[in-house]
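Below is one structure, written out as structure tokens; the observations come after it.
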Amino acid sequence: MSDTKRYPVPAAFRQRALMDAEMYQRWYQQSINDPATFWGDRAQELLQWRSPWQSVCDWDFSTGDARWFDGATLNVAENCIDRHLAQRGDKAAIIWEGDDPAESKTITYRQLHDEVGRLANLLRARGIGKGDRVCIYMPMIPEAAYAMLACARIGAVHSVVFGGFSPEALKDRIQNAEACALITADEGVRGGRKVPLKANADRALSQCPSVHSCIVVQRTGGQVAWQDGRDFWYHEQVPQQPVDCPAESMDAEDPLFILYTSGSTGKPKGVLHTTAGYLLGASLTHRYVFDCQDDDVYWCTADVGWVTGHSYIVYGPLANGATTVMFEGVPTYPDASRVWQVVDKHQVTIFYTAPTAIRALMGAGDQFVTGTSRASLRLLGSVGEPINPEAWEWYYRVVGEQRCPIVDTWWQTENGSILIAPIPGAVDTKPGSATLPLFGVVPAIVDDQGKELEGAVSGNLVIKQSWPSQIRSIYGDHQRMYDTYFSTYPGTYFTGDGARRDEDGYYWITGRVDDVLNISGHRMGTAEVESALVLHPKVAEAAVVGYPHDVKGQGIYAFVDLMDGEQPSQALIDELKALVTKEIGAIARPDQLQFAPSLPKTRSGKIMRRILRKIANNEIDTLGDTSTLADPSVVDVLIAARLNT
Ligand code: WT7
């Protein structure tokens with residue numbers, strides 16, 4: 001597609017950018033040809049070490065194992081807080097914007113130091129230390145960041161669970177990690193509505209004997225149940241603790257956090273990230289992809305429950321001594337001008353959000369944008385799913401007024417930090433393309449047999465060399481890391497994504513090629529939704545596929561086969577959707593639910609999702625070969641009853 005639009009770096013942006021095209025090329029080449037020197041230099045520049053490493057990197061993609069900066073010691077909280085105090089003690093570390101536009105506050109690096117130190121001391125006082133797992137189930141309030149950093153300070157491994165997940169999902173994650181403590185809040189507030197976090201936590205904890213301490217932040221003052229001896233109010237305990245908390249010396253390869261993410265089969269997996277490589281990846285990419293400089297006010301709208309929140313609200317920006325905005329609410333509350341109001345209020349210069357939010361705001365109408373100034377903005381970012389060129393153009397023209405480069409950043413929970421994105425002062429952009437690989441990243445496109453394809457082609461996206469923030473393990477099941485990412489195309493990391501490379505070498509991510517859905521930038525396994533549906537006694541079998549959705553990117557389409565003698569009804573549809581919400585959370589709730597007298601299966605009994613996908617996508621004309629089905633007539637019945645998507 002040589003007719004694709006190409007936008008050069010705006011001249012005014014280039015003038016003050018950290019990196020130009022020559023530097024990007026030079027760094028990229030060195031990062032590939034001599035990774036040890038490249039990463040050793042970056043590690044010295046960007047991080048503070050307690051003791052040096054013996055070797056920069058040591059990896060083997062035939063197993064997937066990797067070690068970075070082996071032998072070195074450091075502490076992540078010290079890197080994100082203490083080392084900035086001398087120069088930036090009074091600088092805003094976090095600007096918190098509440099759900100209610102009347103509420104906001106600024107936390108300086110010095111205040112952050114004290115808050116984190118006190119909480120870390122409380123955790124230690126509860127007997128929590130290096131290697132213990134602590135679950136964090138929080139709304140978007142500064143205490144969520146304090147909790148993560150307090151864990152890092154004492155060497156405890158955090159597992160943040162998104163506040164929108166159900167008690168059931170929370171329980172699974174606490175049990176899998178055998179967490180000994182939970183940090184939560186009485187209630188969260190989003191879009192004017194309350195989220196019963198403590199009540200959810202109580203339901204989860206009733207089945208989690210490993211948790212001896214539950215620390216509860218008072219956010220709303222709403223009524224909550226209490227279990228003496230287990231539950232502690234944050235506001236009663238934390239202020240009693242001393243601010244000084246000696247940071248634990250951590251090995252470069254000691255675990256920093258576990259973050260659960262969905263795969264194509266079974267239960268979510270606990271992606272394990274370690275200390276030095278992760279922090280280096282997060283800080284380097286935050287600095288150069290966002291061109292983040294000392295006077296910037298940087299805002300990423302993600303939730304800390306996702307990896308984007310970990311790397312680009314907390315660890316990357318704070319490691320760089322930047323000012324990071326943390327937003328409790330939603331982009332459309334009180335109305336669709338909210339994010340631009342916040343940009344003006346806090347003079348945000350760098351703004352990073354997801355295509356689903358961009359499309360929702362675009363749909364609300366330009367007047368919500370143009371009624372605000374946005375003069376402070378100089379860079380815009382996108383993450384989480386492919387951004388369609390229409391939304392890209394709108395973001396570029398209406399929001400950024402053609403002044404702000406757009407960085408479309410491709411990466412995954414398993415990657416720890418951005419892998420493919422334009423360096424904004426260096427790389428021309430094309431709407432819909434994540435453009436070129438970052439330092440140390442060697443992407444390749446392979447066919448279904450694993451043969452590497454050269455030139456302008458489409459296929460499966462793999463990565464051929466290790467990068468510092470790559471996944472180290474799946475918690476409690478190391479073999480599963482190899483099976484999931486390193487066994488499909490031996491010798492490479494398989495992303496699960498399809499991609500096209502154009503004649504300029506630019507990458508265009510086309511979406512998942514496995515049974516993973518991307519709903520509003522949230523990853524969801526079809527198998528998880530199906531498992532929830534079949535819990536219902538009236539359901540015999542269920543098959544879930546994605547279909548294109550104007551705002552969410554993908555919607556969830558469920559085909560449900562009922563037990564013999566059970567009758568379809570609207571009430572049952574509602575019940576089934578509610579069941580999925582209860583089991584997983586509202587993000588997994590099916591958009592469409594069609595009853596199917598039976599599902600299309602091969603003679604060996606395998607459901608043919610390809611056909612269901614075509615039906616849900618309304619691509620009836622290109623169903624393909626159905627002759628291998630045990631009963632091809634099933635397809636006509638499903639087509640006749642298909643729901644309008
Ligand atoms: C999947 C990873 C770490 C980012 C937040 C989501 C999709 C992510 C892009 C992008 C096209 C993207 C991929 C990927 N994805 N960013 N810029 N363009 N697709 O992290 O939950 O681990 O999901 O999100 O399909 O595999 P995640």
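Points worth noting:
- Selection count, segment 411-426, where residues are surrounded by fewer than 22 Cβ atoms within 10 Å (Cβ to Cβ), part of a loop (DSSP other than H, G, I, E, B) and of a type in the set (Val, Ile, Thr): 0
- Taking segment 626-645 as the range and being among the acidic types (Asp, Glu) and either surrounded by 14 or more Cβ atoms within 10 Å (Cβ to Cβ) or more than 14 Å from residue 607 (Cα to Cα) (or both) as the test, only 636 passes.
- Test for residue 568: is it more than 27 Å from the chain's Cα centre (by Cα) and open to solvent by 50 Å² or more (accessible area, probe 1.4 Å): yes
- Considering residues of segment 39-52 that are assigned to a helix (DSSP H, G or I) and open to solvent by 60 Å² or more (accessible area, probe 1.4 Å) only, the residue farthest from residue 248 (Cα to Cα): 41
- Being within 14 Å of the ligand (Cβ to nearest atom) and either within 29 Å of residue 255 (Cα to Cα) or surrounded by fewer than 20 Cβ atoms within 10 Å (Cβ to Cβ) (or both) holds for only one residue in 518, 460, and it is 518.
- Here residue 401 meets each of (1) of a type in the set (D, E, K, R); (2) within 13 Å of the ligand (Cβ to nearest atom); (3) in a loop (DSSP other than H, G, I, E, B) with one exception, condition (2).
- Screening 106, 37 for residues that are under 18 Å from residue 441 (Cα atoms) and modelled with pLDDT of 95 or more leaves exactly one candidate, 37.
- If you go through segment 303-341 and keep only what is of a type in the set (Gly, Ala, Ser), buried (at least 24 other Cβ atoms within 10 Å of the Cβ), touching a Gly at 6+ places or on another chain (Cβ under 9 Å) and touching a residue at least 40 places away in the same chain (Cβ under 8 Å), you end up with 311, 316.
- Selected residue (only one of 86, 102, 92, 36 is touching a Ser or Thr at 6+ places or on another chain (Cβ under 6 Å) and open to solvent by 10 Å² or more (accessible area, probe 1.4 Å)): 92
- Every condition in (1) within 13 Å of the ligand (Cβ to nearest atom); (2) part of a strand (DSSP E or B); (3) not charged (D, E, K, R) is met by residue 351 except one, and the failing one is (1).
- Conditions (1) over 25 Å from residue 265 (Cα atoms); (2) touching a residue at least 40 places away in the same chain (Cβ under 8 Å); (3) open to solvent by less than 30 Å² (accessible area, probe 1.4 Å): number failed by residue 408: (2)
- Residues satisfying the stated conditions in segment 420-440, i.e. within 14 Å of the ligand (Cβ to nearest atom) and either within 19 Å of residue 22 (Cα to Cα) or touching a Lys or Arg at 6+ places or on another chain (Cβ under 7 Å) (or both): 420, 421, 422, 429, 430, 431, 435, 436, 437, 438
- Selection from segment 237-286 of residues that are assigned to a loop (DSSP other than H, G, I, E, B), open to solvent by 10 Å² or more (accessible area, probe 1.4 Å) and at pLDDT 95 or above: 241, 242, 243, 244, 246, 247, 248, 249, 253, 254
- Filtering segment 522-538 to residues that are near the ligand (Cβ under 10 Å from one of its atoms) and either over 23 Å from residue 617 (Cβ atoms) or open to solvent by less than 30 Å² (accessible area, probe 1.4 Å) (or both) leaves only 524.
- Unmet requirement for residue 370, which otherwise passes all of (1) surrounded by fewer than 17 Cβ atoms within 10 Å (Cβ to Cβ); (2) among the β-branched types (Val, Ile, Thr); (3) under 23 Å from residue 5 (Cα atoms): (3)
- So residue 99, is it under 18 Å from residue 320 (Cα atoms), touching a strand residue (DSSP E or B) at 6+ places or on another chain (Cβ under 7 Å), part of a loop (DSSP other than H, G, I, E, B) and not aliphatic (A, V, I, L, M): no
The values are calculated or read from the model by the stated rules, or taken from the named source; none is laboratory data. Just so it is clear, the model here is predicted, and its values are computed rather than measured. Here Cβ is always computed from backbone atoms with ideal geometry, including for glycine, and neighbour counts include all displayed protein chains. Just the protein is used for accessible areas: all its heavy atoms, side chains included, with ligands, DNA and RNA removed. Shrake-Rupley method; radii C 1.70, N 1.55, O 1.52, S 1.80 Å.
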